[in-house]
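Student: My questions will all concern the structure given below.
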Amino acid sequence: MRRRSLFAVVAVSVVIATGCTTGTSDTSMAAVDRVLTENAQVSVDEKPVFVDVEGRLDSIFRSKGYVYGVDIVETASKGNADARYILAQMYAYGIAGARPDARRAYILYLGLADEGMAEAQAIVGHMLFYGLGTEADESEGVKLISKSVNQDCGLGYLFMGNFYAHNAPETEENRTSAKVCYAKAAALGIAEAEQLLEQMR
């Protein structure tokens, strides 16, 4: 299996936008969702885990009042899923006043993944696959990404497409699988998937 240090471009959707964790439907978070899908990149060689291109994600978090501090930490510690996800993002990107901390991000994402959040499952799968914030476990990583795909998660499709395109054996079947995953991710609004699909044509 060949490895690539750059796991292409990553989209991280914000669960608040869909309300799938707590039943909320704060559509104002749609802007955050769009910026995340357009500007997040991942490199196994850099800290933080995710890169906030030109500080756009940081600006959006701050404009929504999401700033690292006692309030968000305490709310997350009480089990609020939205706060835990936001805090995980802060640590993963090193934004909104939080210092990058892959391990803390991983732990927060893992708790949400265990509760069934598809986006968190995809992210934890990615982090496991590359050993970001935790020991690498490629097999378990792919399993978690698959779980998110089974929930029709755009982020899961993107990661699975990247797996077939860059980490699986170079076969026509895997190339086709990558295209199918990218197409499904694109249909779910993941901008990078459209770009990656176009590059494969």
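Throughout, read-outs are computed from the coordinates displayed, never taken from laboratory work. Nothing here was measured: the structure is a model prediction, and the numbers come from that model. Glycine also receives a Cβ, built like all others from the backbone with ideal geometry; neighbour counts cover every protein chain displayed.
Student: What FRET efficiency do you get for A136 and R99 if R0 is 35 Å and r is their Cβ-Cβ distance, rounded to the nearest 0.05?
Tutor: 0.90
Student: So if R0 is 25 Å, what FRET efficiency would D71 and I107 give, r being the distance between their Cβ atoms, rounded to the nearest 0.05?
Tutor: Working: r = 20 Å, r/R0 = 0.78.
For D71 and I107, the calculated efficiency is 0.80.
Student: For region 139-201, which GluC sites (Glu not before Pro) are both in a DSSP coil and crowded by at most 12 other Cβ atoms within 10 Å?
Tutor: On the way: sites: E140, E170, E172, E173, E192, E194, E198; in loops: E170.
Here the sparse-neighbourhood loop sites are E170.
Student: Roughly how many nanometres apart are two label points built 7 Å out from the Cα toward the Cβ at Q151 and T176?
Tutor: My value for the distance between the label points is 3.0 nm.
Student: Using the Karplus curve 6.51 cos²θ - 1.76 cosθ + 1.60 with θ = phi - 60°, work out ³J(HN,Hα) for each residue of region 125-138 in order, rounded to whole Hz, and write x for Gly and Pro.
Tutor: Listing the rounded values in order: x, 4, 5, 5, 4, 9, x, 9, x, 7, 5, 5, 8, 4 Hz.
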